[in-house]
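*Asks:* Take this structure first; my questions come after.
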There are 2 protein chains.
Amino acid sequence: MPSLASRPRGPRGAQADTRADIVRAALTHFSAHGYEATSMRAIAKEAGVDPSLPRHYFPSKSALFVEALGPLDQIDGNLERVIAGPADRLGERLVGAFLDVWDSPELSARMMILVQSAVGMPEIAAIARTVLLERVFLRVALAVGPDDANARAAAALSQMLGLVVTRYILRVEPIASATREELIRRFGPAFQRLITGTT
Amino acid sequence: MPSLASRPRGPRGAQADTRADIVRAALTHFSAHGYEATSMRAIAKEAGVDPSLPRHYFPSKSALFVEALGPLDQIDGNLERVIAGPADRLGERLVGAFLDVWDSPELSARMMILVQSAVGMPEIAAIARTVLLERVFLRVALAVGPDDANARAAAALSQMLGLVVTRYILRVEPIASATREELIRRFGPAFQRLITGTT
């Protein structure tokens, strides 16, 4: 039913629900069976929607994968708080917002699946890169100002990924068991400089 | 022949050669067949040594894997130059030494295998962590001074891993195609602060 897919009927709310149903079904399926063994068709079945609908909302399986596993709603909420506070402590709030996601057992399990997939599959890496940069770090960098925003966003992203690998993947001490406050103290100033472009 | 393994005969030079032969054979085998499909026995055969000898020199297959793939000789040489130069530009030299390894196509291919394995296999992650921390970053941190050396080493390691993921795995621009000089300029000060513990 391609006509249903390209011109969905019904009110806007119903569309949003369908999209959310697909994302939820995708999370369930990808988490249980992994990326390779999950098809768009299986996700549509799980969501109880027409088989063509996942492709209507998402250009590719990898795009749906990143959308489903990345806790984007939570990140959007966190980012508003990061951007809203005092400018001279932006770096500290950035570290805090990142820990809110990664120190949650449920969210960090999802993020770990994303990281492992991104390392092994270039198409996942490409989408993860775009999401991290455009939906997260570029927004924070632009809140500081327009100059050199891409480079500042990328630099702060690199420090954040380093913290992820050190704390959650390699579990390097004393970072792995450091408290939230210790990490904010140790890394806040570095993030502040990278995201504001001051050396 | 356990007696041969635990008390090898011959001059010290012959021992070093045997160990190097095993490491070279391991690199060949691991690169061609991957970690899982390579056995200590196959490495011994490839090296033309007694089957018990790899276990004499290395406590586990994962230890031999990290030793074989990690360009430790090159890193040792680089570190001497990092530590020897002026203290206020330590961070810049650290970035340069790291780029010397990762911008070499042959070495970066080996490092990439290590990274992918570390993400998927906790026993590889554990050894990679020890090697990176104790053989690389702790030595640089201790060259600065004894206070808080572990925490400074871990913090600088986290920034380095972030640069690896951003430049070589996710290929985030403008970091992915930045020149050596641009990266030294942008990240040198951050490394300097993290490794010296100044904020």
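Every number here is computed from the coordinates shown, using simple stated rules; none is lab data. This is a predicted model, so every value here is computed, not measured. Here the Cβ is made from the backbone with ideal geometry for all residues, glycine too, and neighbour counts use every protein chain on show.
*Asks:* Check the axis relating chain A to chain B and name the residue of A whose C-beta is nearest, distance in whole Å.
*Replies:* Its Cβ sits closest to the axis: A:Gly162, 1.
*Asks:* While we're looking at this one, here's another question. Just how far, in whole angstrom, is the stretch A:90-140 from the stretch A:162-184 if you go by their alpha carbon centroids?
*Replies:* First find each Cα centre; the distance between them is then 15 Å.
*Asks:* Let me ask another. What size of dipole, in debye to the nearest 20, comes out for the protein assembly as shown about its Cα centre when the only charges are +1 on Lys and Arg C-beta atoms and -1 on Asp and Glu C-beta atoms?
*Replies:* Rounded to the nearest 20 debye, it is 300 debye.
*Asks:* With chain A treated as a Gaussian network of Cα nodes joined by springs under 10 Å, which of A:Ile113, A:Ile22, A:Ile175 yields the largest mean-square fluctuation?
*Replies:* A:Ile175
*Asks:* Ok, one more. Determine, for B:His29, A:His56, the number of other Cβ atoms within 10 Å of each Cβ, and report the residues in order from fewest to most.
*Replies:* A:His56, B:His29
*Asks:* Enter the angle in degrees (range 0 to 90, nearest 10) between the Cα long axis of helix A:90-102 and the first principal axis of the Cα atoms of chain A, meaning the one along which they spread out most.
*Replies:* Relative to chain A, helix A:90-102 is tipped by roughly 50 degrees.
*Asks:* A further question follows. Hey, could you get me the Stokes-Einstein D for chain A, Kirkwood radius over alpha-carbon pairs, 20 °C and 1.002 mPa s, rounded to whole µm² s⁻¹?
*Replies:* Estimated via Stokes-Einstein, D reaches 118 µm²/s.
*Asks:* Given label points at 7 Å from Cα along Cα→Cβ, what nm distances, shortest first, separate B:Gly145 from the same residue in every other copy?
*Replies:* Result for B:Gly145, in nm, nearest copy first: 3.3.
*Asks:* For the stretch B:76-170, what log10 I(q)/I(0) values come out of the Debye formula at q = 0.20, 0.21, 0.22, 0.25 1/Å, with one point per alpha carbon and no solvent?
*Replies:* Results for the stretch B:76-170 at q = 0.20, 0.21, 0.22, 0.25 Å⁻¹ read -1.06, -1.16, -1.26, -1.49.
*Asks:* Divide by every residue of chain B the summed helix terms, -39500 (n - 2.57) for each DSSP H run of at least 4, and state the resulting mean residue ellipticity at 222 nm, rounded to the nearest 500 deg cm²/dmol.
*Replies:* Helix contribution divided over all residues of chain B: -21500 deg cm²/dmol.
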